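Some notes on the structure that comes next.
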Ligand code: MTE
């Protein structure tokens, strides 16, 4: 494998070791080339490891930002398998370790822009979703891909909550060409270590030009479909959360502006506000996917 053991490499991860912080095993992967023209890399300041794993949205564990770090330990992730269904040559249920055994891991440094108008720069480890899709050979009528998160109430306290707003399991989707775009990534790690559970272990999607809610966590099922699939936030409130959810400072969320964002780490006195870019700054790589589409209508 053309990888390097990151813990011995350049990225002396700026995390502190506390009794409450489990240090996860290091991964072998190829470091990203420091070339921002691909979109795979940015030299913007990385969010500290602690922020990335303590300020989360993972409603399966509660709605507060610190709930996932507190409660996701209850989720067992070993063994883990992914079911591949629908318009595909090779459907079935596959052990994650078997899927990963055919894949080389690499690093990507991406901006993550939440629809709530905060953002972080995160050094992910993983592989292009296209590499996984190719293993299962979608048929020509596979126009969309739907992703499904683990649905295990005994280990996910948010699923047992009577006040939960989402109809579980959490589902997301992409058009097949979006899914095959080289920027679309499946992450199994961050900061050179295995993905913490609160960030969507053992495997989660990362679609850097879309609002963070598209980046579905802890994936157990991938379906290849002819029609546009249901997605959780769109089903909950379609006027606020579209299927496409491309980062777009020109389209307001009905309850707040999307023109700027708070880049974490940020404090009350130093909010670190910056202007939001169309497609979260990845327009050069992805704008052509939407040529001819009215992005106010298909928000
Ligand atoms: N995936 C699942 N299954 N459940 C969730 O609640 N939240 C989404 C997304 N993926 C979510 C999810 C939202 S709103 C965001 S902004 C990102 O995860 C946050 O990822 P992070 O906690 O790793 O920063």
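Laboratory data are not the source of any read-out in this text; all were calculated from the coordinates shown. Please read these numbers as outputs of a predicted model, since none were measured by experiment. Because the Cβ atoms are built from the backbone with ideal geometry, glycine has one as well, and the counts that use them run over all protein chains shown.
For residue 66 and residue 141, the difference between the fully extended length at 0.36 nm per residue and the C-alpha to C-alpha distance is 22.9 nm. Cβ crowding within 10 Å ranks 209, 118 as 118, 209, fewest other Cβ atoms first.
How would you classify the chain from its alpha-carbon gyration tensor, with a ≥ b ≥ c the square roots of the eigenvalues: rounded for a/c under 1.5, else prolate if a/b is greater than b/c, otherwise oblate? List each step's numbers first, then the result.
Working: a/c = 1.15, a/b = 1.03, b/c = 1.12.
Rounded, since a/c falls under 1.5.
Calculate, for residue 260 and residue 116, the FRET efficiency according to 1/(1 + (r/R0)^6) with r their C-beta to C-beta distance and R0 22 Å; round to the nearest 0.05. Once the sixth-power term is evaluated, E becomes 0.95.
Give the order of 195, 159, 275 when sorted by the count of other beta carbons within 10 angstrom, beginning with the fewest.
Numbers: 195 25, 159 19, 275 8.
With the fewest neighbours first, 195, 159, 275 line up as 275, 159, 195.
Would you work out the relative contact order for the range 10-288, in percent, from Cα pairs under 8 angstrom that are 6 or more residues apart?
Values: 593 pairs, mean separation 59.2, N = 279.
Once normalised by length, the contact order is 21 percent.
Using C-alpha pairs under 8 Å with a sequence gap of at least 6, the mean separation divided by the residue count of the range 106-261 gives a relative contact order of 28 percent.
Across the range 142-247 the C-alpha pair distances fall into 5 Å bins from zero in the proportions 2, 12, 21, 25, 21, 12, 6, 1 percent. Were the residues from residue 297 through residue 78 laid out at 0.36 nm apart, the gain over their Cα-Cα distance would be 74.7 nm. If you run the Gaussian network model on the chain, springs between alpha carbon atoms under 10 Å, then out of 58, 136, 185 the most flexible one is 136. With contacts taken as Cα pairs under 8 Å at a separation of at least 6 residues, the range 63-181 carries a relative contact order of 24 percent. With just the Cα atoms defining each centre, how far is the range 226-299 from the range 183-210? Give it in Å. Taking the Cα centre of each part, the range 226-299 and the range 183-210 sit 19 Å apart. Using a Gaussian network model of the chain in which every pair of alpha carbons under 10 angstrom is joined by a spring, one finds that among 78, 177, 66 the greatest mean-square fluctuation is at 78. Taking the average, over residues, of other Cβ atoms within 10 Å as the packing measure, peptides 166-175, 100-109 rank 166-175, 100-109 from highest down.
Highest GNM mean-square fluctuation among 26, 74, 47, for the chain modelled with Cα contacts below 10 Å: 74.
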